[in-house]
């Protein structure tokens, strides 16, 4: 009987090793292919001492996730820990997991707030939901934690009579559901009159839904594992959760940053007709507040047409800081002007 139990434990630990190695490989591959995007983030900043919120969140989610994965997997693959030394280490990985989740949820919350046209009431609800969520996550993630030493490695598990760590993943899923639902509802209310604007909205919807589906799958896996009574296998899916949270969170920022680039064809020469209905005007104004252009054009010679739409009022702040995680569609009217070159005109007089 003991031999069968021992064989089952060895099989579980082997499966956990495969999961951790797979998560490290996926994270490393994603890190390499997103290095150009990271460089573009850095180049777009006006100063190293004045970086945008999007860039700051990108750096945080990227390198806090790396630290979390290194700490978690080092404890698992190490062979030098004892019961005494593990006492000083076993809470480090859960703490970084909670920090990573805070950053990821901040990205999703700010994105939702911008999509909701920065509505004050929605903003208050989002802040309260965020504070409640992270409080529940910190408590459930560290409560009843106990060190687990097996063949020299050091991990942590929930050894309480009432398992509470699984509630951490439940709280994360509830927050994600709320954010994706609010943002998707507001995006579906937009009535774009341009196929390119419609494509931008579709990208935002797909990003939100994709984020939710991938992370929910990882959270459900960890929730099931933490509901088991075998403390040696509870953390088997933690590294997968670190990697997917990192990848999906930074993907949101990268996609938005890509739409912000001035050379992006999706934002060039986008013509949006002004809706006549009041409700449509509100919706389109919300769309413009979400889709913030990174920089304004420096100036050009243009002729004024009385039939043109009224000029958009200038933002009181710099466009880089005004909408950190948003994009704005620039409403323009293309005007073609025929003119005669001065040299040609002067040559006619010579003749």
Query raised in the report: By per-residue mean of other Cβ atoms within 10 Å, what is the highest-first order of 247-258, 27-38, 200-211?
Result: 247-258, 200-211, 27-38
Requested in this report: Enter the Cα centre distance for the pair the stretch 45-102 and the stretch 110-137, rounded to the nearest angstrom.
Outcome: 24 Å
**Report entry** Inter-label distance, nm, simple model (7 Å from Cα along the C-beta direction), residue 14/residue 195
**Finding:** 5.5 nm
**Report entry** Cβ-derived FRET efficiency at R0 56 Å, residue 127 paired with residue 26, nearest 0.05
**Finding:** 0.95
Query raised in the report: Roughly how many nanometres apart are two label points built 7 Å out from the Cα toward the Cβ at residue 43 and residue 205?
Result: 3.3 nm
Report summary line: Quick numbers on the stretch 14-265, Rg and Dmax over C-alpha atoms in Å, give 19.3, 66
Report task. Classify the stretch 74-116 as rounded, prolate or oblate from the Cα gyration tensor: take a ≥ b ≥ c as the square roots of its eigenvalues, call it rounded if a/c is under 1.5, otherwise prolate when a/b beats b/c and oblate if not. Result -> prolate
Query raised in the report: When 119, 151, 176 are ordered from fewest to most other Cβ atoms inside 10 Å of their Cβ, what list results?
Result: 151, 119, 176
Query - Where N is the number of residues in the stretch 21-139, Cα Rg divided by 2.2 N^0.38 Å - result: 1.31
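Coordinate-derived values only; no laboratory data. Keep in mind the model is a prediction, meaning the values are calculated, not measured. Quick reminder, even Gly has a Cβ in these numbers, built from the backbone with ideal geometry, and neighbours come from all protein chains shown.
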